[in-house]
Amino acid sequence: MLELPWQEQNWKRLLSAKVSGRLPHALLLTGTQGLGKYRFAVRLAASLLCKSPDQSGRPCGSCQSCHLFKADTHPDFTLIEPEGPGKAIKIDTIREFTEKESLTSQSGGYKVTIIEPADAMNTAAVNSLLKTLEEPVSWTVMILISNRPGRLLATVRSRCQQYAFSAPDRRQSVQWLSGHVGQADPALLLALGSGAPLEALKLADPETLSERKKMLDEFVAVMSHQQDPVMAAERWNKQDLSRSLHWLCGWLIDMIRLKMVPESPGLINLDQRECLQALGLKLESRELYLFLDRVYQAIRTLGSQLNSQMILEGVLLMASKGNNN
């Protein structure tokens, strides 16, 4: 059994392909954030490089290859990622990978490369990688990971065998989380994590939940004209922008649901029903939908070069102006 049980089907599929000699030279792992795609890729790399994996594909952990892999010094493993958050993977990085002592294994086995996130490659980098994808080298496996595969060129997607990762059912997720989050409510965490168990696990930190409550209080204050939206945006900008926008998106979705069906059971913020219900009464339905659309637009800009402070200011200024009651 895998550490992340919802990955079992994809793991067995890949193991079967390896045993039958049909392992693809390029894989594209897709799915929303928080499903463990990177952990899956690392596990696969360790399995392929291990000299004596067991029947389930688990690396032995004791051979020289496993020791090198754990020490991040294996000559046949490469991790390609941006130099920093929001930055692109440039052509020089891809060229260095494709030209460095060729793509042939130095130890006589597999050569494995992980590119994460693959959609961070700029156009020149993608075109450089395409040449390698079109002319694969035996025993070389490239693993591309993307939460947003639609941003990849169709020519890249078509040259990779895709493995889609889906969120497990709620029962399995809650059961798994229950063994990892201590006293926290796994159902609430899972809802806040959009059904992705690893995202939910990140939120189990008391400081994270405390920050969420503080931001919600500030959002209420902005809508009530009791706090300057620019000052609130300045503080929010010091937090994780993606997480902040997704929290805001969840508040708005719940406000709309509660406005339509006051007893709605399917809330994201299970612990903030009364607050969000009262907040939703301050805006017309049309305003709420326009506001939600603005937040979706902001989420789509994530990873771009746009100024995050300005993005947040635009969103919170709309919140302040929308409530004229």
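Please identify the pairs in which a residue from region 168-195 that is touching a residue at least 12 places away in the same chain (Cβ under 8 Å) and among the polar types (S, T, N, Q) has its Cβ atom under 8 Å from the Cβ atom of a residue that is open to solvent by 20 Å² or more (accessible area, probe 1.4 Å) and in a helix (DSSP H, G or I), counting only partners at least 6 apart or on another chain.
Cβ pairs passing all conditions: Gln172/Pro5; Gln172/Trp6; Ser173/Trp6; Ser173/Pro186; Ser194/His246.
Among the candidates Ala200, Ala187, Ala167, single out the residue that is modelled with pLDDT of 90 or more, in a loop (DSSP other than H, G, I, E, B) and within 22 Å of the chain's Cα centre (by Cα). Before you say what the answer is, go through the steps one by one.
Values: Ala200 fails: in a loop (DSSP other than H, G, I, E, B); Ala187 fails: in a loop (DSSP other than H, G, I, E, B).
Only one candidate qualifies: Ala167.
Go through (1) open to solvent by 60 Å² or more (accessible area, probe 1.4 Å); (2) more than 30 Å from Gln9 (Cα to Cα); (3) at pLDDT 90 or above and name the single condition Arg159 misses.
Single failed check for Arg159: (2).
Looking only at region 269-316, filter to residues that are open to solvent by 60 Å² or more (accessible area, probe 1.4 Å) and among the hydrophobic types (A, V, I, L, M, F, W, C); which one of those is modelled with the highest pLDDT?
Here the residue is Leu290.
Of all the residues that make up region 26-38, how many are under 23 Å from Leu129 (Cα atoms) and out of contact with any Lys or Arg (no Cβ under 9 Å at 6 or more places or on another chain)? Talk me through it step by step, then tell me what you get.
Here is the first cut: in region 26-38, the residues under 23 Å from Leu129 (Cα atoms) are 26-31, 37-38.
Restricting the remaining residues to those that are out of contact with any Lys or Arg (no Cβ under 9 Å at 6 or more places or on another chain) gives 27, 37-38.
Selection size over region 26-38: 3.
Give all pairs with beta carbons closer than 9 Å in which a residue from region 18-42 that is without any contact (Cβ under 8 Å) to a residue 60 or more places away in the chain meets a residue that is open to solvent by less than 70 Å² (accessible area, probe 1.4 Å) and among the charged types (D, E, K, R); count only pairs at least 6 apart in sequence or on separate chains.
none
Which of (1) at pLDDT 90 or above; (2) closer than 23 Å to Arg294 by Cβ; (3) in a helix (DSSP H, G or I); (4) open to solvent by 40 Å² or more (accessible area, probe 1.4 Å) does Gln227 not meet, given it meets every other one?
If we test Gln227 against (1) at pLDDT 90 or above; (2) closer than 23 Å to Arg294 by Cβ; (3) in a helix (DSSP H, G or I); (4) open to solvent by 40 Å² or more (accessible area, probe 1.4 Å), just (3) comes out false.
With Val220, Val261 as the choices, which residue is exposed (fewer than 14 other Cβ atoms within 10 Å of the Cβ), within 24 Å of Leu188 (Cβ to Cβ) and hydrophobic (A, V, I, L, M, F, W, C)?
Selected residue: Val261, the only one of Val220, Val261 that is exposed (fewer than 14 other Cβ atoms within 10 Å of the Cβ), within 24 Å of Leu188 (Cβ to Cβ) and hydrophobic (A, V, I, L, M, F, W, C).
For region 199-225, give me each residue that is out of contact with any Phe, Trp or Tyr (no Cβ under 9 Å at 6 or more places or on another chain) and basic (Lys, Arg).
Correct list: Lys202, Lys213, Lys214.
Go through region 214-233 and give me each residue that's free of Cβ contacts under 8 Å to residues at least 24 places away in the same chain and within 17 Å of Cys249 (Cβ to Cβ).
Result: Glu218, single match.
Considering only helices (runs of 4 or more DSSP H) fully contained in region 1-112, which possess at least 3 residues that are open to solvent by 60 Å² or more (accessible area, probe 1.4 Å) and not β-branched (Val, Ile, Thr)? Before you say what the answer is, go through the steps one by one.
Values: elements: 8-19, 37-49, 64-70, 91-99.
Passing ranges, in order: 8-19, 64-70, 91-99.
Scan region 63-74 and report the pairs whose first residue is within 16 Å of Lys111 (Cβ to Cβ) and whose second residue is open to solvent by 100 Å² or more (accessible area, probe 1.4 Å), with Cβ atoms within less than 6 Å and a gap of 6+ or a chain change.
Going by the 6 Å Cβ cut-off, the qualifying pairs are Ser65/Lys51.
Can you find, within region 203-217, the residue that is farthest from Gln272 (Cα to Cα) among those that are in a helix (DSSP H, G or I) and open to solvent by less than 20 Å² (accessible area, probe 1.4 Å)?
Within region 203-217, the subset in a helix (DSSP H, G or I) is 206-217.
If we keep only those that are open to solvent by less than 20 Å² (accessible area, probe 1.4 Å) too, we end up with 208, 212, 215-216.
Values: Thr208: 16, Arg212: 11, Met215: 13, Leu216: 9 Å.
Among those that are in a helix (DSSP H, G or I) and open to solvent by less than 20 Å² (accessible area, probe 1.4 Å), it is Thr208.
Of the residues that make up region 148-155, is at least one more than 16 Å from the chain's Cα centre (by Cα), outside any loop (DSSP other than H, G, I, E, B) and touching a residue at least 40 places away in the same chain (Cβ under 8 Å)?
Among the residues of region 148-155, not one is more than 16 Å from the chain's Cα centre (by Cα), outside any loop (DSSP other than H, G, I, E, B) and touching a residue at least 40 places away in the same chain (Cβ under 8 Å), which makes the answer no.
State all residues of region 235-258 that are in a helix (DSSP H, G or I), within 14 Å of Ile311 (Cβ to Cβ) and touching a Leu at 6+ places or on another chain (Cβ under 8 Å); if no residue qualifies, say none.
Trp236, Leu241, Ser242, Ser244, Leu245, Cys249
Step by step: first the residues of region 113-138, then only those that are modelled with pLDDT of 90 or more and not in a helix (DSSP H, G or I), then the one that is farthest from Asp72 (Cα to Cα). Which residue is that?
For region 113-138, the residue satisfying everything is Asn122.
Could you grab me the full set of residues in region 46-60 that are free of Cβ contacts under 8 Å to residues at least 12 places away in the same chain and either touching a helix residue (DSSP H, G or I) at 6+ places or on another chain (Cβ under 8 Å) or of a type in the set (Asp, Glu) (or both)?
Within region 46-60, Pro53, Asp54, Arg58, Cys60 qualify.
The values are calculated or read from the model by the stated rules, or taken from the named source; none is laboratory data. Keep in mind it's a predicted model, so treat the numbers as computed, not measured. In this analysis, Cβ positions are derived from the backbone assuming ideal geometry, glycine residues included, and neighbour counts consider all displayed protein chains. Just the protein is used for accessible areas: all its heavy atoms, side chains included, with ligands, DNA and RNA removed. Shrake-Rupley method; radii C 1.70, N 1.55, O 1.52, S 1.80 Å.
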